[in-house]
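The values are calculated or read from the model by the stated rules, or taken from the named source; none is laboratory data. None of the values given here were measured: they were computed from a predicted structure. Because the Cβ atoms are built from the backbone with ideal geometry, glycine has one as well, and the counts that use them run over all protein chains shown.
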Amino acid sequence: MFNTYFLDVIKNHYVDFAGRATRQEFWLFVLWNFIIGLVIGILSSMQGTIGSIFTVVYYIYALALLLPGLAIGARRLHDAGHSAWWLLIYLVPFLGGIVLLIFFLMPSKR
């Protein structure tokens with residue numbers, strides 16, 4: 001499942017903003033991204049040299065997955081029948097995240 005829904009997005013759709021992403025593909029990518037980020041975050045919270053190394057790893061990981069995260073979000077919005085420009089509503093404090101969450105949870109449209 002990790003290979004199908006996380007690595008496939010990174011290998012085959014790294015900056016692919018066109019097309020569609022199903023709810024399952026989107027949410028499993030978000031889940032794996034959260035789990036990996038959480039593990040690296042916990043390791044970076046350790047004191048000493050190992051913590052500072054993992055802090056750098058965390059920032060590199062977050063930067064590396066910025067574009068794939070935006071791309072799968074755009075493809076998910078396309079699948080729900082909305083324009084990818086709706087991703088910009090996230091910049092509106094509080095309400096933007098709620099609106100995007102609702103759009104991401106909507107069923108697919110033809």
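What are the residues in segment 65-83 that are under 14 Å from the mean Cα position of the chain (by Cα) and surrounded by 12 or more Cβ atoms within 10 Å (Cβ to Cβ), if any?
In the first step, residues of segment 65-83 are kept if they are under 14 Å from the mean Cα position of the chain (by Cα); the result is 65-77.
Passing the criteria: Leu65, Leu67, Pro68, Gly69, Leu70, Ala71, Ile72, Gly73, Ala74, Arg75, Arg76, Leu77.
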For segment 44-58, name all the residues that are assigned to a helix (DSSP H, G or I) and either in contact (Cβ under 8 Å) with a residue 12 or more places away in the chain or not aliphatic (A, V, I, L, M) (or both). Ser44, Thr49, Gly51, Ser52, Phe54, Thr55, Val57, Tyr58
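Output the residues belonging to segment 79-110 that are closer than 15 Å to Arg23 by Cα and in a loop (DSSP other than H, G, I, E, B).
Step one: list which residues in segment 79-110 are closer than 15 Å to Arg23 by Cα, which gives 79-82, 100-110.
Of everything in segment 79-110, those that are closer than 15 Å to Arg23 by Cα and in a loop (DSSP other than H, G, I, E, B) turn out to be Ala80, Gly81, His82, Met106, Pro107, Ser108, Lys109, Arg110.
Taking the options Tyr58, Tyr90, Tyr14, name whichever one is out of contact with any Phe, Trp or Tyr (no Cβ under 6 Å at 6 or more places or on another chain) and under 19 Å from Asn3 (Cβ atoms).
Details: Tyr58 fails: under 19 Å from Asn3 (Cβ atoms); Tyr90 fails: under 19 Å from Asn3 (Cβ atoms).
Going through Tyr58, Tyr90, Tyr14 in turn, just one is out of contact with any Phe, Trp or Tyr (no Cβ under 6 Å at 6 or more places or on another chain) and under 19 Å from Asn3 (Cβ atoms): Tyr14.
Taking segment 10-37 as the region of interest, how many residues are in a helix (DSSP H, G or I) and either hydrophobic (A, V, I, L, M, F, W, C) or surrounded by 14 or more Cβ atoms within 10 Å (Cβ to Cβ) (or both)?
Taking segment 10-37 and keeping what is in a helix (DSSP H, G or I), we get 10-12, 23-37.
Then keep just the ones that are either hydrophobic (A, V, I, L, M, F, W, C) or surrounded by 14 or more Cβ atoms within 10 Å (Cβ to Cβ) (or both); that gives 10, 23, 25-37.
Total meeting the criteria: 15.
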Determine whether Tyr61 is surrounded by 11 or more Cβ atoms within 10 Å (Cβ to Cβ) and in a loop (DSSP other than H, G, I, E, B). no
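Looking at the structure I just gave you, is Gly96 surrounded by 15 or more Cβ atoms within 10 Å (Cβ to Cβ) and either of a type in the set (Asp, Glu) or modelled with pLDDT under 95 (or both)? Spell out the reasoning first.
On the way: surrounded by 15 or more Cβ atoms within 10 Å (Cβ to Cβ): yes; either of a type in the set (Asp, Glu) or modelled with pLDDT under 95 (or both): yes.
Considered against the rule, which asks whether it is surrounded by 15 or more Cβ atoms within 10 Å (Cβ to Cβ) and either of a type in the set (Asp, Glu) or modelled with pLDDT under 95 (or both), Gly96 comes out as yes.
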